[in-house]
Structures are given as C-alpha cells and as structure tokens.
Amino acid sequence: FCYIVACADGTYYTGWAVDPEKRVKVHNAGRGAKYTKMRLPVKLVYVEEQPDRKTAMKREIAIKKMTREKKQKLITQ
C-alpha cells in the first residue's frame, strides 16, 4: 500500500507499508519516520493498494513530487 497521513502541523507525509493502519500506530508511537516524529499525532487520510512493494515505492515517490494541492485532490477523490 501507499499511504498519506496528515500531521498535527497540517503537513502531509507519504509512505508505503504492508499494513498502513499498523504503520500509522508506529508513527504515532514516535518510532516512525523522523519527519512525523516531530509532528504528532498523525492521521491516515489516504490509502492506495499496490500490487507489490516495488510499485508501492514508485507510487510513493510520484506522490511526494506532487504539489500540496494535487495531494489534497487525491485525498478528497
């Protein structure tokens, strides 16, 4: 899966995980990415299923390159 979380400061963080719900719990426990560690709590706002890890990682990179506006459109679809 590729996922987006909304951080407490209003920013977005994009990542990939086998289990997005579990990954969000890891983020909120302060053991996730360095970026989210300083912006807790985070809330899962978007999940996109991918066929495999490699595809999920490519999609993560593509989403990270999007503008904030494009990410918001993706989330609200």
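The values are calculated or read from the model by the stated rules, or taken from the named source; none is laboratory data. Given the structure is predicted, the values throughout are model-derived calculations rather than measurements. A quick note on method: Cβ atoms are made from the backbone with ideal geometry, for glycine too, and the neighbour counts reach across all protein chains shown. These accessible areas exclude ligands, DNA and RNA; they are computed on the full protein's heavy atoms, side chains included. Shrake-Rupley method; radii C 1.70, N 1.55, O 1.52, S 1.80 Å.
List of remarks:
- Contacts under 6 angstrom Cβ, first residue in the stretch 11-26 being farther than 16 Å from Met38 by Cα, partner modelled with pLDDT under 95 and not aliphatic (A, V, I, L, M), 6 or more apart: none
- The residues on offer are Gly15, Gly32, and the sole one that is of a type in the set (Gly, Ala, Ser), surrounded by 15 or more Cβ atoms within 10 Å (Cβ to Cβ) and in a strand (DSSP E or B) is Gly15.
- Residue check for Tyr3: within 10 Å of the chain's Cα centre (by Cα), open to solvent by less than 100 Å² (accessible area, probe 1.4 Å) and of a type in the set (Phe, Trp, Tyr): yes
- Answer residue from the stretch 41-65, given it is under 14 Å from Tyr3 (Cβ atoms) and assigned to a loop (DSSP other than H, G, I, E, B) and is least open to solvent (accessible area, probe 1.4 Å) among those: Val42
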